[in-house]
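Novice: After the structure tokens below, expect a handful of questions from me.
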Amino acid sequence: MTDSVMPTYGRLDVAFAKGQGAWLTDTNDKQYLDALSGIAVCNLGHSHPAVTRAIQHQAETLVHTSNFYHIPLQSQLADRLSVLSGMEQVFFCNSGAEANEAAIKIARKYGHNKGIDKPVVIVMDGSFHGRTMATLTATGNAKVQVGFDPLLPGFVRVPYNDLDALRMAIGHWPEAVAVMLEPIQGEGGVKTPDPEFLAGVRSICTQRKLLMILDEVQTGIGRTGQWFAFQHKDDVLPDVMTLAKGLGNGMPIGACLVADKAVGVLEAGNHGSTFGGNPLACSAALAVLDTIEKDKLLSHVQQLGAYMLAAFAERLEDQAGVKDIRGQGLMLGIELTVPCAALVKQALEEGLLINVTADSVLRLLPPLIINQEEADLIVEKVCKLVRDFLSTHAVESVA
Ligand SMILES: Cc1ncc(COP(=O)(O)O)c(C=O)c1O
């Protein structure tokens, strides 16, 4: 298909006409089981009645005013997110990259307030924070950066999951003001750190008076089986947390939340967004939070995620060419020993939407509302695809 859309994406040859729950129908009436949720966005599935109702009602009432005025739905949403997370205040925007831009600006201003003229934010290898200039600089993937020099100054990179390297970098950079990371690296290949890593980062940041910035754009809003991935452990409350994706179930909305020493850093006139937190987006997000709570989706995700992880392990662990099976809740990765981007198209032909990231990691992010039958179908289809794929590729055994 050729059209006037700028070709910034390598698109698959399919277009969807409608969706219901975990299922999408293409323009030729073929059905697909969605194990990607628009990359962790449609966490309640497609056309969820509560979200649809909220959008319909709000569209008939008031879509947009301006942040020149009070927006009661924005205040309600900020209060709900603060209660759920333990954070204190929220800035609303429209995407994950924008939420991270706000976080980076907070880090820099925090540094300036302390008299540091050239603040440094410590970021991680393998990270992904977005495509704006600041967030692509923070991103630990050269492919995202190539062609866009000069990148921004003020970022230093350390390996993910390595507390000693983090301590060393902080020792080396007296201008360090913040550490920015994902609790599980999504685009980086569903990389789960050691159980003590996040708590370690928290305690280092506290000792050194640095802001801990957690990018929960992909992991937040129930994806891993807690509202936010940092809540799997005690005492990991970040100073800054960013959200987007699942917050609006497809209605564009992002959020940057602050606690403790990050509160009050941004003052009137320091930051803004025309659309950020408008009534329409906030009404959808409130419906998302209500539904996750009412339908007890967090325990559902914990149970189904553990089930799927165990099912994949049982069926694929001993398969030559499968290197690792990992994840938390319904954020799952199957790493192969060979690049496997071709699996995406093969899955599509079989009526299944999946993704491959970091070249060799099959990533699954199904809607949080999938039922047991749909979970079994995903496991069955994925295992067959992986086995068939590996049987036609030269693989080394890692056993
Ligand atoms: C962890 C993380 N941060 C930030 C982003 C960027 O979000 P957006 O595409 O909404 O700007 C993404 C998108 O994949 C992400 O996974």
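Novice: From the Cα gyration tensor of segment 97-213, with a ≥ b ≥ c the square roots of its eigenvalues, which class applies: rounded if a/c is under 1.5, or else prolate if a/b is larger than b/c, or else oblate?
Specialist: Values: a/c = 1.67, a/b = 1.04, b/c = 1.60.
It comes out oblate by the Cα gyration axes.
Novice: Residue by residue through segment 7-17, what is 3J(HN,Hα) from phi via Karplus (6.51 cos²θ - 1.76 cosθ + 1.60, θ = phi - 60°)? Round to whole Hz and write x for glycine and proline.
Specialist: x, 7, 10, x, 8, 6, 7, 7, 9, 9, 9
Novice: Using alpha carbon centroids, what distance separates segment 67-120 and segment 208-266, in Å?
Specialist: So the separation of the two Cα centres works out to 10 Å.
Novice: Could I ask something else about it? Rounded to the nearest 0.05, what FRET efficiency do residue 384 and residue 168 give with R0 = 51 Å and r taken as the Cβ-Cβ distance? Could you check? Walk me through the numbers before you get to the answer.
Specialist: Values: r = 46 Å, r/R0 = 0.90.
After rounding to 0.05, the efficiency reads 0.65.
Novice: In the chain, once you exclude exposed trypsin sites (Lys or Arg not before Pro) (DSSP loop, at most 16 other Cβ within 10 angstrom), what's the longest stretch remaining? Write down the numbers at each step before the final one.
Specialist: Details: sites that count: 11, 30, 114, 131, 209, 233, 296.
Answer - 297-399.
Novice: Can you give me the distance in nm between label points at residue 270 and residue 345, each placed 7 Å from the Cα along the Cα-to-Cβ direction?
Specialist: It works out to 4.9 nm between the two label points.
Novice: Full-extension gain between residue 117 and residue 75, please, as 0.36 nm times their residue separation minus the C-alpha to C-alpha distance.
Specialist: Full-extension gain reported as 11.7 nm.
Novice: Further, regarding this structure: Any idea what the relative contact order of segment 110-236 is, in percent, if you count C-alpha pairs under 8 Å spaced at least 6 apart? Intermediate values should be presented prior to the final figure.
Specialist: Working: 198 pairs, mean separation 29.3, N = 127.
It comes to 23 percent, rounded to a whole number.
Novice: Another question, then. Using a 1.4 Å probe and ignoring any ligands, DNA or RNA, find the accessible area of residue 192 and quote it in Å² to the nearest 10.
Specialist: Solvent-accessible area, nearest 10 Å²: 60 Å².
Novice: Stretch residue 372-residue 313 to full length: gain in nm at 0.36 nm per residue minus the Cα-Cα span?
Specialist: Details: separation 59, 0.36 × 59 = 21.24 nm, distance 1.72 nm.
In short, 19.5 nm is gained.
Novice: While we're looking at this one, here's another question. Counting only protein heavy atoms and using a 1.4 Å probe, what share of the accessible area of the chain belongs to carbon plus sulfur, as a whole percent? Intermediate values should be presented prior to the final figure.
Specialist: On the way: 9640 of 18130 Å².
Result for the chain: 53 percent of the exposed heavy-atom area is carbon or sulfur.
Novice: Could you grab the relative contact order for segment 49-294? Cα pairs under 8 Å, six or more apart, rounded to a whole percent. Please list the in-between numbers first.
Specialist: On the way: 462 pairs, mean separation 72.4, N = 246.
Computed over segment 49-294, the figure is 29 percent.
Novice: Tell me, what is the per residue accessible area of segment 301-345 in Å², probe radius 1.4 Å?
Specialist: Numbers: 1910 Å² over 45 residues.
Ligands and nucleic acids excluded, the figure is 42 Å² per residue.
Novice: Right, another one. Write out the chymotrypsin sites (Phe, Trp or Tyr not before Pro) in segment 9-97 meeting two conditions: DSSP loop, and at most 14 other Cβ atoms within 10 Å of their Cβ. Walk me through the intermediate numbers first.
Specialist: On the way: sites: 9, 16, 23, 32, 68, 69, 91, 92; in loops: 9, 68, 69.
For chymotrypsin sites (Phe, Trp or Tyr not before Pro) across segment 9-97 that sit outside H, G, I, E and B with at most 14 neighbouring Cβ atoms in 10 Å, the list reads 9, 68, 69.
Novice: How large is ³J(HN,Hα) for each residue in segment 83-96, as worked out from phi by the Karplus curve 6.51 cos²θ - 1.76 cosθ + 1.60 (θ = phi - 60°), to whole Hz, x for Gly and Pro?
Specialist: Per residue, the Karplus-derived 3J(HN,Hα) values read 5, 5, 9, x, 7, 10, 9, 9, 10, 9, 9, 10, 7, x Hz.
Novice: Moving on. What is the distance in Å between the Cα centres of segment 1-61 and segment 329-399?
Specialist: Centre-to-centre (Cα) distance: 21 Å.
Novice: Cα to Cα, under 19 Å, and not fewer than 8 places away if on the same chain: which lysines meet these conditions relative to residue 105?
Specialist: Straight-line reach from residue 105, under 19 Å: 114, 118, 209, 261.
Novice: Then there is this: Please work out whether the chain counts as rounded, prolate or oblate from its C-alpha gyration tensor, where a ≥ b ≥ c are the square roots of the eigenvalues and a/c under 1.5 means rounded, while otherwise a/b larger than b/c means prolate and anything else oblate? Don't jump to the answer; show the numbers that get you there.
Specialist: Numbers: a/c = 1.67, a/b = 1.21, b/c = 1.38.
Oblate is the answer for the chain, as a/c is 1.5 or above yet b/c matches or exceeds a/b.
Novice: Follow-up. Quick check for you: with a 1.4 Å probe and neighbouring chains kept, what is the accessible area per residue of segment 49-294, in Å²?
Specialist: Values: 10370 Å² over 246 residues.
Here the residues of segment 49-294 average 42 Å² of exposed surface.
Novice: How much length, in nm to one decimal, is gained on full extension between residue 151 and residue 323, taken as 0.36 nm per residue of separation minus their Cα-Cα distance?
Specialist: Numbers: separation 172, 0.36 × 172 = 61.92 nm, distance 3.43 nm.
Extra length available between residue 151 and residue 323 comes to 58.5 nm.
Novice: Which whole-Hz ³J(HN,Hα) couplings does segment 249-255 yield from phi under the Karplus relation 6.51 cos²θ - 1.76 cosθ + 1.60, θ = phi - 60°, glycine and proline marked x?
Specialist: 6, x, 6, x, 7, x, 8
Novice: Tell me which chymotrypsin sites (Phe, Trp or Tyr not before Pro) from segment 132-168 have a DSSP coil assignment and no more than 14 other beta carbons within 10 Å of their own.
Specialist: On the way: sites: 148, 155, 160; in loops: 148, 160.
Here the sparse-neighbourhood loop sites are 148.
Novice: Would segment 204-271 count as rounded, prolate or oblate if I go by the C-alpha gyration tensor, calling it rounded below 1.5 in a/c and otherwise prolate when a/b exceeds b/c, oblate otherwise? Kindly include the intermediate steps, with their values, before the conclusion.
Specialist: Values: a/c = 3.07, a/b = 1.18, b/c = 2.60.
It is oblate, given that a/c is not under 1.5 and a/b is not larger than b/c.
The values are calculated or read from the model by the stated rules, or taken from the named source; none is laboratory data. Model, not experiment: these values are computed from the prediction. Glycine also receives a Cβ, built like all others from the backbone with ideal geometry; neighbour counts cover every protein chain displayed. When the accessible area is computed, the model is the full protein with side chains, heavy atoms only, and any ligands, DNA or RNA have been set aside. Shrake-Rupley method; radii C 1.70, N 1.55, O 1.52, S 1.80 Å.
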